[in-house]
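Worksheet for the structure shown next.
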Amino acid sequence: MLHFHFGGSVTASMHSDRKAAGHIAKAAGARSLVVDFRLAPEHPHPAQLDDAETAYRWLLSQGYEPRNIGSTGHSIGGTLAVMLPLRLLAKGEATPGAIISVSPWTDLTIANPAVDANEPTDQMLSRATLELFRGAWLQEPGLDFADPAVSLVHADLTGLPPTQVHYGEYETLAEDGAQLAQRLADFKVTTEVHPMPEGQHSFVLGAGRVPEVDHAMQQMGRWLRTHLGQ
């Protein structure tokens, strides 16, 4: 399991996600490598995706088969979990065997109404925070925030491996998760979507303390066990 942490590309680290990643890995009966990718603004896009690819190739060098690797993550990590297989597909290379994307940030225009509507119920993210993260991460002059290279809701998702999407219904990125799930279905990707009632952004951080989160972890584990190695 190749896991990417939260933090909008600006904060957090592999240490922030060891507990959450460990719970998913335990549910899947797998081992987990949590990637300590470089952070913005010192290292803007695509440094994080470059590091994700480097970690993936390291696993291959250790003898792991692509079909036995799960690409997982939450928040910006949930975005990277999908971006990595897309980059590999563009290169004509084998992708991980399955994806789990939790609370992904998929529309960098920050145009979804839920961003503002759910701000009172999201204890982690706000429009101001998202704009801060976006400015640090995407520094290319003239970059259109709707560019499919950074906004997955506009990307061609053809050929992605089976993908499970989770998001909290109370989070600012709720519509980002829902739209990604719909786009996956539109591109005929084997997809399962799990909106968590009253769920917060990056709810996986509550693993081991919140029954609803632990239930979601079991769903993730079953997904990986079902689809890896096919």
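The values are calculated or read from the model by the stated rules, or taken from the named source; none is laboratory data. No experiment lies behind these values; they were computed from the predicted model shown. Note that each Cβ is placed from the backbone with ideal geometry, even for glycine, and that neighbours are counted across all protein chains shown. All accessible areas refer to the heavy atoms of the entire protein, side chains included, with ligands and DNA or RNA removed. Shrake-Rupley method; radii C 1.70, N 1.55, O 1.52, S 1.80 Å.
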Among the residues of region 68-87, how many are buried (at least 20 other Cβ atoms within 10 Å of the Cβ) and over 26 Å from Glu171 (Cα atoms)?
1
Mind checking which residues of region 154-173 are farther than 30 Å from Gly229 by Cβ and open to solvent by 10 Å² or more (accessible area, probe 1.4 Å)?
His154, Glu169, Tyr170
Qualifying positions in region 128-148 - assigned to a loop (DSSP other than H, G, I, E, B) and open to solvent by 60 Å² or more (accessible area, probe 1.4 Å)
Gln139, Glu140, Pro141, Gly142, Asp144, Phe145, Pro148
Selection status of Gln200, surrounded by fewer than 20 Cβ atoms within 10 Å (Cβ to Cβ) and either farther than 28 Å from Pro66 by Cβ or at pLDDT 95 or above (or both)
no
Being closer than 14 Å to Ile76 by Cα, under 17 Å from the mean Cα position of the chain (by Cα) and surrounded by 19 or more Cβ atoms within 10 Å (Cβ to Cβ), is that true of even one residue in region 185-193?
no
Would you please name the residue that is farthest from Ala136 (Cα to Cα), looking only at residues in region 29-49 that are over 15 Å from the mean Cα position of the chain (by Cα) and charged (D, E, K, R)?
Arg31
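Within region 184-196, does at least one residue satisfy the condition of being of a type in the set (Ser, Thr, Tyr) and either in a helix (DSSP H, G or I) or without any contact (Cβ under 8 Å) to a residue 40 or more places away in the chain (or both)?
Within region 184-196 (the criterion being of a type in the set (Ser, Thr, Tyr) and either in a helix (DSSP H, G or I) or without any contact (Cβ under 8 Å) to a residue 40 or more places away in the chain (or both)), the answer is yes, since at least one residue qualifies.
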Report the residue count in region 74-122 for those that are farther than 17 Å from His194 by Cα and touching a Gly at 6+ places or on another chain (Cβ under 7 Å).
5
Going through region 1-54 in order, the residues found to be buried (at least 22 other Cβ atoms within 10 Å of the Cβ), in contact with a His (Cβ under 6 Å, 6 or more places away or on another chain) and farther than 14 Å from Phe133 by Cβ are Asp17, Ala21, Val34
Tell me which of these Glu171 doesn't satisfy, since it passes every other one: (1) among the charged types (D, E, K, R); (2) in a loop (DSSP other than H, G, I, E, B); (3) free of Cβ contacts under 8 Å to residues at least 40 places away in the same chain.
(3)
Filter result (more than 17 Å from Asp51 (Cβ to Cβ) and crowded, with 24+ Cβ neighbours inside 10 Å) within region 88-98
Ala98
Please verify whether Ser101 is among the polar types (S, T, N, Q), open to solvent by less than 40 Å² (accessible area, probe 1.4 Å) and either closer than 18 Å to Pro44 by Cα or out of contact with any Asp or Glu (no Cβ under 8 Å at 6 or more places or on another chain) (or both), treating the condition exactly as stated.
yes
